[in-house]
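S.K.: Take this structure, written in structure tokens, and hold onto it; I'll ask about it next.
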Amino acid sequence: MDRKEKIVEILQEKGEATVKELANIFNVSEMTIYRDIKELEKEGYIKRKHGSVLLKTEEDEEKTKDKTCPVCEKVITRAHPYKISLENKTIEACCEHCGMILHKQYEDKDVFAITYDFITENPITAFNAYYVVGSSAKPCCSPSVIPFSDKEMAEKFVKGFGGKVMSFLEVYDEINKTMNLNIKSCCQQTETINISKIKKEAK
Ligand SMILES: [Zn+2]
Ligand SMILES: [Zn+2]
């Protein structure tokens, strides 16, 4: 058995260990242990927490799994997906378009939703945001729904990329009206876009 395997065995027994403890056990330098740890970490066996080394749990695995949009099943790649919170859970949608469809499921519940300004990326309460619907910018699902905290900014965006500025409830109705049947095929219609280019042009 090599040292790395033994480290895993020790962690299984002890729960956790520091690099120093491991170095003492094997009578090698901390640097040597550090190198083993790095490799084990890369291979996905262990994690580090508060200076200790621990085995990875199934829960950790869950966290690193790709999240998919509950509406269109696309893998969520955005740093700030659309978030709906209710009771004690938060559900994320790939974009505002799917967020609106997701809201439909919780129409009669008290929910809180967060979106992020397209230009500044600052969080906004979804109900207070201005949305540009159906513009030529399609960062995710179409018709695209792009949030702004500022109405003027949204209107400026429309001048460059088309679409219409709407309030939360207007978008909600609009998207759910047009999307009632074939959600998957609609969400699949995406074009590649360069968000930073669009953002620059919109400034
Ligand atoms: Zn989606
Ligand atoms: Zn989407």
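S.K.: Can you work out which of the residues in the range 109-139 that are over 23 Å from residue 151 (Cα atoms) and not acidic (Asp, Glu) is nearest to ligand 2 (Cβ to nearest atom)?
M.R.: 111
S.K.: Can you find a residue in the range 156-167 that is modelled with pLDDT of 95 or more and within 16 Å of ligand 1 (Cβ to nearest atom)?
M.R.: No; the residues of the range 156-167 include none that is modelled with pLDDT of 95 or more and within 16 Å of ligand 1 (Cβ to nearest atom).
S.K.: Within the range 38-52, identify whether any single residue is in the same structural domain as residue 142 (by TED's automatic domain parsing), without any contact (Cβ under 8 Å) to a residue 24 or more places away in the chain and not hydrophobic (A, V, I, L, M, F, W, C), and answer yes or no.
M.R.: no
S.K.: Give me the pairs, please: first residue somewhere in the range 132-161 and closer than 19 Å to residue 122 by Cβ and of a type in the set (S, T, N, Q), second residue anywhere and outside any loop (DSSP other than H, G, I, E, B) and open to solvent by 40 Å² or more (accessible area, probe 1.4 Å), beta-carbon distance under 6 Å, and either six or more positions apart or on two chains.
M.R.: Final answer for the pair search is none.
S.K.: Of the residues 106, 82, only one is surrounded by 12 or more Cβ atoms within 10 Å (Cβ to Cβ), within 24 Å of residue 168 (Cβ to Cβ), of a type in the set (Ser, Thr, Tyr) and within 10 Å of ligand 2 (Cβ to nearest atom); which? Break it down into steps so the answer makes sense when it comes.
M.R.: Numbers: 106 fails: within 10 Å of ligand 2 (Cβ to nearest atom).
Result of the check over 106, 82: 82.
S.K.: Quick check on this structure: which one of 106, 131, 82, 116 is within 13 Å of ligand 1 (Cβ to nearest atom) and aromatic (Phe, Trp, Tyr)?
M.R.: Being within 13 Å of ligand 1 (Cβ to nearest atom) and aromatic (Phe, Trp, Tyr) holds for just one of 106, 131, 82, 116, which is 82.
S.K.: Here's a check for you: in the range 88-139, which residue that is small (Gly, Ala, Ser) and either in a helix (DSSP H, G or I) or not assigned by TED's automatic domain parsing to the domain that holds residue 170 (or both) is farthest from residue 76 (Cα to Cα)?
M.R.: The residue in question is 126.
S.K.: Output the residues belonging to the range 85-103 that are within 16 Å of ligand 2 (Cβ to nearest atom) and within 14 Å of the chain's Cα centre (by Cα).
M.R.: Within the range 85-103, 91, 92, 93, 94, 95, 96, 98, 99 meet the criteria.
S.K.: Now for a different question. Quick one: would you say residue 96 is modelled with pLDDT of 95 or more and closer than 25 Å to residue 154 by Cα?
M.R.: Here the answer is yes, as residue 96 does meet what is asked.
S.K.: Moving on to the next point. Condition first: of a type in the set (A, V, I, L, M, F, W, C), crowded, with 18+ Cβ neighbours inside 10 Å, outside any helix (DSSP H, G or I) and within 16 Å of ligand 1 (Cβ to nearest atom). Can you find one or more residues in the range 142-151 that meet it?
M.R.: From the range 142-151, those of a type in the set (A, V, I, L, M, F, W, C) are 145-146, 148; that's our starting set.
When the remaining residues are screened for being crowded, with 18+ Cβ neighbours inside 10 Å, the result is 145-146, 148.
Applying the additional criterion that residues be outside any helix (DSSP H, G or I) yields 145-146, 148.
Filter once more, keeping what is within 16 Å of ligand 1 (Cβ to nearest atom): 145-146.
So far as the range 142-151 goes, yes, one or more of its residues are of a type in the set (A, V, I, L, M, F, W, C), crowded, with 18+ Cβ neighbours inside 10 Å, outside any helix (DSSP H, G or I) and within 16 Å of ligand 1 (Cβ to nearest atom).
S.K.: Looking at this structure, is residue 77 among the polar types (S, T, N, Q), over 19 Å from residue 200 (Cα atoms) and in contact with a helix residue (DSSP H, G or I) (Cβ under 8 Å, 6 or more places away or on another chain)?
M.R.: No, not satisfied.
S.K.: Sticking with this one: So, residue 107, is that one of a type in the set (Asp, Glu) and either touching a residue at least 40 places away in the same chain (Cβ under 8 Å) or over 30 Å from residue 177 (Cβ atoms) (or both) or not?
M.R.: Numbers: of a type in the set (Asp, Glu): yes; either touching a residue at least 40 places away in the same chain (Cβ under 8 Å) or over 30 Å from residue 177 (Cβ atoms) (or both): no.
Taking the combined requirement at face value, the residue does not satisfy it.
The values are calculated or read from the model by the stated rules, or taken from the named source; none is laboratory data. Bear in mind the structure is a predicted one, so any value in this text is a computation, not a measurement. Don't worry about glycine lacking a Cβ; one is built from the backbone with ideal geometry, like all the others, and counts go over all protein chains shown. Surface areas here come from the heavy atoms of the whole protein model, side chains and all, with no ligands, DNA or RNA. Shrake-Rupley method; radii C 1.70, N 1.55, O 1.52, S 1.80 Å.
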